[in-house]
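Just below is one structure, and these are the notes that go with it.
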Amino acid sequence: MDLRTREKILAVCLEKIKQKGDGVQVSFYAFFANKNDDPITLMNVARWWIEEHQFNHFEKATKIYAMVESIKDKSLDKTTSY
């Protein structure tokens, strides 16, 4: 996951939590516009969500936020351009 994707996920989760509370759930689709204008990043996040973590379609935003927030900058792949 690159830094840009990480920051987008964190922002979306935080916004959803602020709007609807700690119980709100998100799908990985929540991080993308309705128009699929970034298919490579979409597929990378889908793989992270489905294959790597085997999440359900919807997961608590607080859970996703905490997981992604815990990813340290040094572990992010800054060489990959999406």
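Tabulated data
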| item | result |
| --- | --- |
| Fraction of accessible area attributable to carbon and sulfur, region 1-49 (%, probe 1.4 Å) | 53 percent |
| Per residue solvent-accessible surface (Å²) - the chain, probe of 1.4 Å | 67 Å² |
| Linear extension gain, SER70 paired with ASP22, 0.36 nm per residue minus alpha-carbon span | 15.5 nm |
| Theoretical ellipticity at 222 nm over the chain - DSSP helices of four or more residues, -39500 (n - 2.57) apiece, nearest 500 | -13000 deg cm²/dmol |
| Axial C-alpha extent at least 27 Å, average Kyte-Doolittle at least 1.0 - helices from the chain (DSSP) | none |
| Rounded D (µm²/s) - the chain, Kirkwood Rh over Cα pairs, Stokes-Einstein at 25 °C, 0.890 mPa s | 188 µm²/s |
| Residues of type lysines that LYS72 reaches as a straight line, Cα spacing below 23 Å, ignoring anything fewer than 8 places off in the same chain | LYS8, LYS16, LYS60, LYS63 |
| Solvent-free Debye scattering, log10 I(q)/I(0), computed from the Cα coordinates of region 1-40 at q = 0.22, 0.23, 0.25, 0.31 Å⁻¹ | -0.75, -0.81, -0.91, -1.12 |
| Gain in span if fully extended, ARG4 to ALA33, counting 0.36 nm per residue against the direct Cα distance | 8.9 nm |
| Cβ charges +1 (Lys, Arg) and -1 (Asp, Glu), total dipole of the chain, debye | 180 debye |
| Order by protection proxy (mean Cβ within 10 Å, highest first), peptides 37-43, 2-8 | 2-8, 37-43 |
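The values are calculated or read from the model by the stated rules, or taken from the named source; none is laboratory data. The structure displayed is predicted, hence computed values, not measured ones. Neighbour counts run over all protein chains shown; Cβ positions are idealised from the backbone, glycine included. Accessible surface is based on the protein model in full, side chains and every heavy atom, while ligands, DNA and RNA are left aside. Shrake-Rupley method; radii C 1.70, N 1.55, O 1.52, S 1.80 Å.
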